[in-house]
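Below is one structure, written out as structure tokens; the observations come after it.
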Amino acid sequence: MENKNHLLKLIKSRRSIMPNQYNDLNVSDEEINLILEAANWAPTHKKTEPWRFKVLKNKTKNDLGKFLAEKYKEGNANFSKFKYNNLIEKSKNSSKIILICMQRDPNESIPEWEEIASVSMSVQNMWLMATSLNIGSYWSSPKIISSINEFTPLIKGEKCLGIFYMGKYDGKTISRNPGPIEKKVSWLN
């Protein structure tokens, strides 16, 4: 029973920790590898394992922030200097960034939503492992994500679904109290 309680406690403590909450401590490559190993154990229909990840660090992660800011600037009639700077700062404040991608086999009969669900489950595994390592993380999917192939090449059938910002952080997280599960479940006999 202790292991079950530990797992539930970990699940309940998972939060989006924003890049402005990260400190200057480095997320090591070893920690990234543990997080990615957890991702690789997500369920997948017909064993397609559609998740693909691109790890950005150092100059490349900062370049991503500049790229996203410029894409936002060129495609937005309601330009906000605050939002522009925020895109740059998110990358600067992160220790590592992982681009969350999905590789589809066009010959597969699996619906796209099932592949997206598999990738999402792999990200939940990443998030839980990051939480267990006291690493803050945040999944962002800005509209400009569709332009990511201009930043880094994607192979045929690959699509970027989001940006996973990561960093060490100090302090407590905001508590969360979801509504009762009983209001979200129907028992059919």
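The values are calculated or read from the model by the stated rules, or taken from the named source; none is laboratory data. The shown structure was predicted, so the numbers you read here are calculated from the model rather than taken from an experiment. Methodologically, a virtual Cβ is constructed for each residue, glycine included, from the backbone with ideal geometry; neighbour enumeration extends over all protein chains shown.
Among the candidates I110, I135, which residue alone is more than 24 Å from K71 (Cβ to Cβ) and touching a strand residue (DSSP E or B) at 6+ places or on another chain (Cβ under 8 Å)? First the steps, then the outcome.
Working: I110 fails: touching a strand residue (DSSP E or B) at 6+ places or on another chain (Cβ under 8 Å).
Of the residues listed, the single one that is more than 24 Å from K71 (Cβ to Cβ) and touching a strand residue (DSSP E or B) at 6+ places or on another chain (Cβ under 8 Å) is I135.
Name the single residue, out of those in the stretch 64-84 being without any contact (Cβ under 8 Å) to a residue 12 or more places away in the chain and either under 26 Å from I155 (Cα atoms) or within 19 Å of the chain's Cα centre (by Cα) (or both), that is surrounded by the fewest Cβ atoms within 10 Å (Cβ to Cβ).
So in the stretch 64-84, the residues without any contact (Cβ under 8 Å) to a residue 12 or more places away in the chain come out as 70, 73-74, 76-83.
Narrowing further to those that are either under 26 Å from I155 (Cα atoms) or within 19 Å of the chain's Cα centre (by Cα) (or both): 70, 74.
Working: E70: 15, E74: 10.
That would be E74.
Sort through K47, K59 and tell me the only one that's over 17 Å from the mean Cα position of the chain (by Cα) and under 23 Å from N85 (Cα atoms).
Result of the check over K47, K59: K59.
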Report yes if some residue within the stretch 23-35 is buried (at least 17 other Cβ atoms within 10 Å of the Cβ), charged (D, E, K, R) and closer than 20 Å to I98 by Cα; otherwise report no. yes
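Rundown of residues vs (1) crowded, with 17+ Cβ neighbours inside 10 Å; (2) modelled with pLDDT of 90 or more; (3) over 19 Å from the mean Cα position of the chain (by Cα), yes/no style:
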site	(1), (2), (3)
I144	yes, yes, no
I148	yes, yes, no
F151	yes, yes, no
I163	yes, yes, no
T173	no, no, no
I181	no, yes, yes
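Could you tell me which residue of the stretch 40-63 is farthest from I98 (Cα to Cα), considering only residues that are in contact with a strand residue (DSSP E or B) (Cβ under 6 Å, 6 or more places away or on another chain) and touching a residue at least 40 places away in the same chain (Cβ under 8 Å)?
Here is the first cut: in the stretch 40-63, the residues in contact with a strand residue (DSSP E or B) (Cβ under 6 Å, 6 or more places away or on another chain) are 50, 52-57, 61.
Imposing the further condition that a residue be touching a residue at least 40 places away in the same chain (Cβ under 8 Å) reduces the set to 50, 52-57.
Working: P50: 15, R52: 10, F53: 6, K54: 5, V55: 4, L56: 6, K57: 9 Å.
Across the stretch 40-63, the extreme among qualifying residues is P50.
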